[in-house]
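Participant: Below: one structure in structure tokens.
The values are calculated or read from the model by the stated rules, or taken from the named source; none is laboratory data. This one's a predicted model, so the numbers in the text were calculated from it and none came from an experiment. A quick note on method: Cβ atoms are made from the backbone with ideal geometry, for glycine too, and the neighbour counts reach across all protein chains shown.
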Amino acid sequence: MSVEVVRRIVLLRHAKADWPDVADHDRPLAERGRQDAVTAGRRLAGSGVTPELTLCSTAVRARDTWKLCAAELPRRPRTTYESRLYEATPGQVIAVLNEVDDAVRDLLVIGHNPTLHALSDLLAGTAEGDTLARVHASGFPTASQAVLTLPGGWKSLEPGAATLTDFWTPHA
């Protein structure tokens, strides 16, 4: 009898960015964003999900979010800065996730809206409680986290294949 391994994906939207006169990719975090990134890290640390791999957009605000978030975790996972996550469509993000090694059970993805909002909606074939309604009502604000479970390997990740199990936002 084989036991099916359940994988978990945490989608973390970068924290609140500032709007200085720089290219979009180079925008840093605002003060509130720095505070929210720390709060998001504490939330992740207490969530029971222990990412083994982080895929992070190369945008400065995403990298800064990860740096502050990671400092709150008991163990820092392996990190890959993935340029394909910046300005990606949900389908492009799924293609990146399909490449993840099946040895990884818990995965953290740090990216942007509207992609993460659309991706959580697209992947969630089902949802626990009111999680999907909360995602829709909130619009997936900065520093928010959605947790989805996937029965099977990363290559099987496709629209409707996951269950949305949790959604958290720092200013609920």
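Participant: Name the residue that is surrounded by the fewest Cβ atoms within 10 Å (Cβ to Cβ), counting only residues in segment 9-39 that are closer than 26 Å to Asp102 by Cα and of a type in the set (A, V, I, L, M).
Facilitator: Val10
Let's see how each residue does on (1) under 27 Å from Arg34 (Cα atoms); (2) in contact (Cβ under 8 Å) with a residue 60 or more places away in the chain:
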site	(1), (2)
Trp66	yes, no
Leu73	yes, no
Arg78	yes, no
Ser144	yes, yes
Gly153	no, yes
Leu164	yes, no
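Participant: Pairs, please: C-beta under 7 Å, at least 6 apart or cross-chain, first residue in contact (Cβ under 8 Å) with a residue 12 or more places away in the chain and under 18 Å from Ala146 (Cβ atoms) and in segment 29-42, second assigned to a helix (DSSP H, G or I) and among the hydroxyl-bearing types (Ser, Thr, Tyr)?
Facilitator: Once the first residue is in contact (Cβ under 8 Å) with a residue 12 or more places away in the chain and under 18 Å from Ala146 (Cβ atoms) and sits in segment 29-42, its partners that are assigned to a helix (DSSP H, G or I) and among the hydroxyl-bearing types (Ser, Thr, Tyr) give Ala37/Thr65.
Participant: Okay, next question. Consider Ala146 carefully, then state whether it is within 21 Å of Val96 (Cβ to Cβ) and in contact with a Gly (Cβ under 7 Å, 6 or more places away or on another chain). Steps first, please.
Facilitator: Values: within 21 Å of Val96 (Cβ to Cβ): yes; in contact with a Gly (Cβ under 7 Å, 6 or more places away or on another chain): no.
In short, no.
Participant: Scan segment 152-168 and tell me whether some residue there is under 27 Å from Leu29 (Cα atoms), touching a Cys at 6+ places or on another chain (Cβ under 9 Å) and of a type outside the set (Lys, Arg).
Facilitator: no
Participant: Looking at segment 1-23, which of its residues are modelled with pLDDT of 95 or more and over 13 Å from Arg61 (Cβ atoms)?
Facilitator: Arg7, Arg8, Ile9, Val10, Leu11
Participant: State whether one or more residues within segment 108-115 are farther than 21 Å from Glu4 by Cα and either over 12 Å from the mean Cα position of the chain (by Cα) or of a type in the set (Ser, Thr, Tyr) (or both).
Facilitator: Yes, segment 108-115 has at least one match.
Participant: Which count do you get for residues in segment 1-23 that are small (Gly, Ala, Ser) and either farther than 21 Å from Ala118 by Cβ or part of a helix (DSSP H, G or I) (or both)? Talk me through it step by step, then tell me what you get.
Facilitator: The first filter runs over segment 1-23 and keeps only residues small (Gly, Ala, Ser), leaving 2, 15, 17, 23.
From what's left, either farther than 21 Å from Ala118 by Cβ or part of a helix (DSSP H, G or I) (or both): 2, 23.
Within segment 1-23, residues that are small (Gly, Ala, Ser) and either farther than 21 Å from Ala118 by Cβ or part of a helix (DSSP H, G or I) (or both) number 2.
Participant: Quick one: which strands (runs of 3 or more DSSP E) sit completely within segment 24-141 and have at least 1 residues that are modelled with pLDDT under 95?
Facilitator: Working: elements: 53-57, 78-82, 106-111, 124-127.
The strands (runs of 3 or more DSSP E) meeting that bar are 124-127.
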